[in-house]
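Following: one structure in structure tokens, then a few remarks.
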Amino acid sequence: MQPTPAPEHSESELLQFRREKLDGLVKAGVDPFGSRFDTTHQPGALKANFEENLTVSVAGRILSRREMGKATFFDLGDISGRMQCYLSKGDVGDEAYVQFNQLVDIGDFVGVEGFTFITKRGERSIHIKKLTPLSKALRPLPDKWHGIADKEIKYRQRYLDLISNDRSREIFVTRSKMVAAIRNYMQEHGFMEVETPMMQDVPGGAAAKPFETFFHALNQPMFLRIAPELYLKRLLVAGFTQIFELNRNFRNEGLSRRHNPEFTMLEAYWAYADFEKMADLVEGMICHLAENFCGGLKISRPRILEVRSALMVFQQIYTQQTVIFPDSVSDDLQKIANSAAKLSFSLDHDTARHTARTLQKEVEDLLVTIDSKLDATQRGFFKRALEVLNELSEEAYINLERPWKRARYTDLLKSIDPKWYDYTPEERKARAAELGVEIGANFEDYEVTQHVFERLIEAKQFDPLYVTHCPKELVPLAKQNADDDSIVDVYELVINGQEISPGYSELNDPIVQRERLEHQAGEETQKIDEEFILALEHGMPPAGGIGIGIDRLIMMLTGAESIRDVILFPQLKRKG
């Protein structure tokens, strides 16, 4: 006979039960929101560096529990990981044992004192001699098996995501360690860390819309910085030779999978260097991170968007009626389509390949029974679908082995169309449309070319590529090339289909710099930072400079799908 399942309780009932247990603790003379508890170890660190018969004092949140007669096993955890604990009536006494099992819930914080041992099943554990309730959780945790499925809750209530999702915890612990490693790397290579203002009276250093505020003490409008560049270059004028800042930047622009309006940037400047020397520095740094945190220079490449696109094919069969199947086939195929649609909105990096394999098997099984009913067109559809799913089921890598490829911007465009630079501006617009790149009606000629570059080269480049010698219109703060004044000595590092880092031979001619900034500002001359020009007129040495988007770099190295998955508290629209 099957056991009768436990009745499910409503959220209000669960909250009421916890309130009653809170009252029970108070009546028993226990402070449900305790005080100081001295610890010797964190749960995860204790398990990772385990020693038997070690006297320990550990605190954390109860993440799971199971009762076995006169003993209870439960997992105690925090951001470091979890550790199994063993609580027996014989060790703590009847009253404390009953109190724990009746009044303490999964999600509560407790402190335990005891010694370490290994159970008969080989599990590293703490044998508890004393247990102290530390904080009562008045709301239940997410289901341990399903975690946070709702992305809105995942980002808005990040604490629940971090409690229930091992993958999220791993990403953010790794991020913290990577940022520390970046700082150490820069310092070991002779760079000094500095700080520059986050509020500026003239936003500069990049072409972006700023966030505006007001400084009441000075009675003037201010802007959150879009880049620290113009202040860092003042320090080159002052005589600093190698400087960097790990900074927060703010750009009042769109939100997307790769954009957050508040983001972390590494910016560095090296007097007497150039963009090629800065490229060597960045290449070494990223390889250093990969070797220390990713196990080597071949790192797994997330293909979630590709998998989702493949899954959506099954839905499009019905919504667009691109392929008509016999009724006897449609029912089975509809079942696969529904399964694909459901999975396509819940994928993460760890399940993408598994999902592709599962659907591949389902389609292959379906073909065994329906092949004789299909015509050539229908068989062709299934063949293409299986080819895509087979490819997506294979592991894909980003290869960071050095040296990284370097190629000129113009040469890359010519690889798309050898005649690209022979066309007139209008012909380039028409050619872009032929290539499937949407172009705005008011785009200038260089913007048309850049749009084609972003869609057809950058987005499809997964292994590292330094795109060098870009048009001067794209980079107004970089030094012009000595042989061709239409281009500047820069690189743009592309990895995994997105820009990771720009690097410049910095412009230090104050006359040319003013001309560039005036052209960029147009009629809005108030956007020109006169204090920066004044500094340049006192003399700035030739220098190389870099920027690295830390969030995008972490995405690439950890395989995160979205920038929101590597920012603890991403910007969200206010509820209601």
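Couple of notes before you dig in:
- Tally, over region 379-420, of residues that are farther than 25 Å from residue 494 by Cβ, open to solvent by less than 50 Å² (accessible area, probe 1.4 Å) and either among the β-branched types (Val, Ile, Thr) or part of a helix (DSSP H, G or I) (or both): 6
- For region 454-471, the candidate set comprises residues that are under 26 Å from the mean Cα position of the chain (by Cα) and in a loop (DSSP other than H, G, I, E, B); within that set, the residue that is surrounded by the fewest Cβ atoms within 10 Å (Cβ to Cβ) is 463.
- Condition met for residue 430 (modelled with pLDDT of 90 or more and in a helix (DSSP H, G or I)): yes
- One residue alone among 272, 185 is modelled with pLDDT of 95 or more, hydroxyl-bearing (Ser, Thr, Tyr), more than 21 Å from the chain's Cα centre (by Cα) and loosely packed, with under 15 Cβ neighbours inside 10 Å, and that residue is 272.
- Subset of region 529-576 [within 27 Å of residue 282 (Cβ to Cβ) and among the polar types (S, T, N, Q)]: 558, 562
- One residue stands out in region 106-148 among those that are of a type in the set (Asp, Glu) and open to solvent by 20 Å² or more (accessible area, probe 1.4 Å): the one that is modelled with the lowest pLDDT, namely 143.
- Test: residue 54 is more than 37 Å from the chain's Cα centre (by Cα), crowded, with 18+ Cβ neighbours inside 10 Å and aliphatic (A, V, I, L, M): no
- Meets criteria (assigned to a helix (DSSP H, G or I), more than 25 Å from residue 506 (Cα to Cα), open to solvent by less than 60 Å² (accessible area, probe 1.4 Å) and out of contact with any strand residue (DSSP E or B) (no Cβ under 8 Å at 6 or more places or on another chain)) for residue 437: no
- The residue pairs whose first member lies in region 195-224 and is among the basic types (Lys, Arg), whose second member is not in a strand (DSSP E or B), and whose beta carbons are closer than 6 Å, counting only pairs six or more residues apart or on different chains, are 209/252; 209/253.
- Residue 376 vs. criteria surrounded by 17 or more Cβ atoms within 10 Å (Cβ to Cβ) and small (Gly, Ala, Ser): no
- Restricting 39, 72 to those that are of a type in the set (Val, Ile, Thr) and open to solvent by 40 Å² or more (accessible area, probe 1.4 Å) reduces the list to 39.
- Condition check for residue 451: in contact with a Phe, Trp or Tyr (Cβ under 8 Å, 6 or more places away or on another chain), under 20 Å from residue 206 (Cα atoms) and open to solvent by 30 Å² or more (accessible area, probe 1.4 Å): yes
- Meets criteria (of a type in the set (A, V, I, L, M, F, W, C), modelled with pLDDT under 60 and crowded, with 16+ Cβ neighbours inside 10 Å) for residue 347: yes
The values are calculated or read from the model by the stated rules, or taken from the named source; none is laboratory data. On a predicted model such as this, the values are computed, not experimentally measured, just so you know. Note that we place each Cβ from the backbone using ideal geometry, even for glycine, and neighbour counts take in every protein chain shown. For accessibility, only protein heavy atoms count, side chains too; no ligands or nucleic acids. Shrake-Rupley method; radii C 1.70, N 1.55, O 1.52, S 1.80 Å.
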